[in-house]
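For reference, the structure is listed below as structure tokens.
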Amino acid sequence: MPSKTPLTGAEVAKHADSKDCWVIVHGRAYDVTEFLLEHPGGMKIILKYAGKDATAEFDPIHPPDTLEKYLDKSKHLGPVDMATVVRETAVQSPEERERQQRIQEMPLLEQCYNLLDFEAVARRVMKKTAWAYYSSAADDEITVRENHAAFHRIWFRPKILVDVEKVDFTTTMLGTKVDAPFYVTATALGKLGHVEGEVVLTRAARKHNVIQMIPTLASCAFDEIVDAAEDDQVQWLQLYVNKDRAITKRIVQHAEKRGCKGLFITVDAPQLGRREKDMRSKFTDPGANVQSGQETNNNQGAARAISSFIDPALSWKDIPWFQSITKMPIVLKGVQRVEDVLKAVEAGVQGVVLSNHGGRQLEFARSAIEVLAETMPVLRQRGLEDKIEIYIDGGIRRGTDILKALCLGAKGVGIGRPFLYAMSAYGLDGVNRAMQLLKDEMEMNMRLIGATRIDELDESLLDVRSLFNHGAPPADTLAYSTYDPLVNPPQRITT
Ligand code: PYR
């Protein structure tokens, strides 16, 4: 039973080992002894805070309702008199001192002129583990770089002497009118980059009238992200399907009740990929949105540790079940070949996102823009192009990248990491500026290719002859300067 009189710090501190482990989170004590073995991030990280206040470590990667939802009420021990809790003075490591110095020396926001500028600043000012989690990708990181490079193999065939005084790039996505053909795609663990997490993206999406896709593995609770939206603001739900379908059903139906206007089921991640930068950064405190208990070796990095609940048995057979539990439009996120787009049409879903998960899953998956160029001619040949909405994500950094996708037939594009980097470096102002820069680039480049509306964008404006050849693109200095090469294991210090 929770204690009526607040516990003291000294009382909590007595329970500080694996046989008897209490922690304090947001001024309340919890007995997590039995949960140690189940913690998806492993027990080591909890034991580091045994008997102590774990709030600062807990917050970035657990939604506030995690303990309510996943720890039995009998383990909730009640409030703690925080005045009696001994505060450990954190000793700043030399690395952290240098990072703080770099934060002091950050460029002004106005000095960022494109999305890669935000990436460069984020790389300098983010905590190493957070940067490693956001920036990492599968294996040798060939696909993540190809995602960006592939756009450089498409060139324009602009029209001239078109009256482009007025340019309008508003469009619709799953029936929602938006001010620009991009949306904020789902990315996990927003609080690693910014103390407020995903709600920052919600506010920027509102300002720019674009849609935010809410991630299953958000740092903020789902309801917090919905509550941060204005009444008429449209959000979608990205879903990792839980092995326990009752949980999945609850999540989907709750999202629909809260007004979400699209269900994006991730289909490229039966298991989250192996990302060596993330693993090497020795992420020691994973555990976002814990949905089931299963121990994970925390040397595996954040990605593995937070994803043990995902159902690898998910298959086409499950689609009718999703259609039976929700009226939200269903979109399959992570489709990578035209054959599967045709199956998606047959299954009666409303859309697909051609995506390789930001290069974080299957190494040598092709870029979404290439899969789009493969897909649209087949859909048109079969008269199916209006039967399904096609979105893409991965590698988009410029207004011209968006234009290329739209010319090829995409309804819109998802942007993930660039908004996270803008948020991590400059908070809401950063994301607002990143979105505005994309809009400015869109407007100017629509003029330069001779198009005034989205429905005037078509393949005749492009030269895609090189797209399918995976040769060397022109040198891409901004992208190279933000790329951290993979490294070999460091020498151990033995003295
Ligand atoms: C990722 O790390 O890629 C997730 O989707 C969680």
Is it possible to state the helix-based mean residue ellipticity at 222 nm for the chain, with each DSSP H run of 4+ residues giving -39500 (n - 2.57), the sum divided by total residues, to the nearest 500 deg cm²/dmol? What is it? -10000 deg cm²/dmol
From the phi of every residue in the stretch 393-409, what ³J(HN,Hα) in whole Hz does the Karplus formula 6.51 cos²θ - 1.76 cosθ + 1.60 yield, where θ is phi - 60° and glycine or proline is x? 9, x, x, 7, 10, 9, x, 5, 4, 5, 4, 4, 5, 5, 4, 7, x
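After finding the eigenvalues of the alpha carbon gyration tensor for the chain, what semi-axes result from the square roots of 5 times each, listed largest first in whole Å?
41, 26, 21
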For the stretch 262-275, Karplus-derived ³J(HN,Hα) couplings (6.51, -1.76, 1.60; θ = phi - 60°; whole Hz; x for glycine and proline) come out as x, 10, 9, 8, 6, 10, 10, 9, x, 9, 6, x, 9, 10
Please compare each pair in K243/K439; K207/K343; K257/K387; K52/K207; K191/K404 to a cut-off of 30 Å on the Cα-Cα distance and tell me which ones are over it. K243/K439; K207/K343; K52/K207; K191/K404
Using the Karplus equation 6.51 cos²θ - 1.76 cosθ + 1.60 (θ = phi - 60°), what ³J(HN,Hα) coupling, rounded to whole Hz, does each residue of the stretch 439-448 give in order, writing x for Gly and Pro? 5, 4, 5, 4, 4, 5, 6, 4, 4, 5
Quick tally, 1.4 Å probe accessible area for R99, R250, sorted with the most first, runs R250, R99
What does the stretch 30-161 give for Rg and for Dmax, in Å, if only its C-alpha atoms count? 22.3, 75
Any idea of the accessible area per residue across the stretch 350-495, 1.4 Å probe, to the nearest Å²? 44 Å²
Sorted by accessible surface (1.4 Å probe, heavy atoms of the protein chains only), largest first, E68, E96, E141 come out as E68, E96, E141
List the residues, sorted by chain then number, that are 5 or more residues from A138 or on another chain and whose placed amide H is less than 5 Å from its amide H. V144, R360, Q361
Per residue value of the accessible surface for the stretch 141-216 (all protein chains in place, 1.4 Å probe), Å²: 41 Å²
Calculate what fraction, in whole %, of the accessible area of the chain sits on carbon and sulfur atoms when a 1.4 Å probe is rolled over the protein chains. 52 percent
Once amide H atoms are built 1.01 Å from N in the peptide plane, which residues 5 or more positions from Y183, or in another chain, come under 5 Å H to H? V413, G414, I415
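The values are calculated or read from the model by the stated rules, or taken from the named source; none is laboratory data. Not measured: the values here are computed from a predicted model. Protein only, heavy atoms only, side chains kept; ligands, DNA and RNA dropped before computing areas. Shrake-Rupley method; radii C 1.70, N 1.55, O 1.52, S 1.80 Å.
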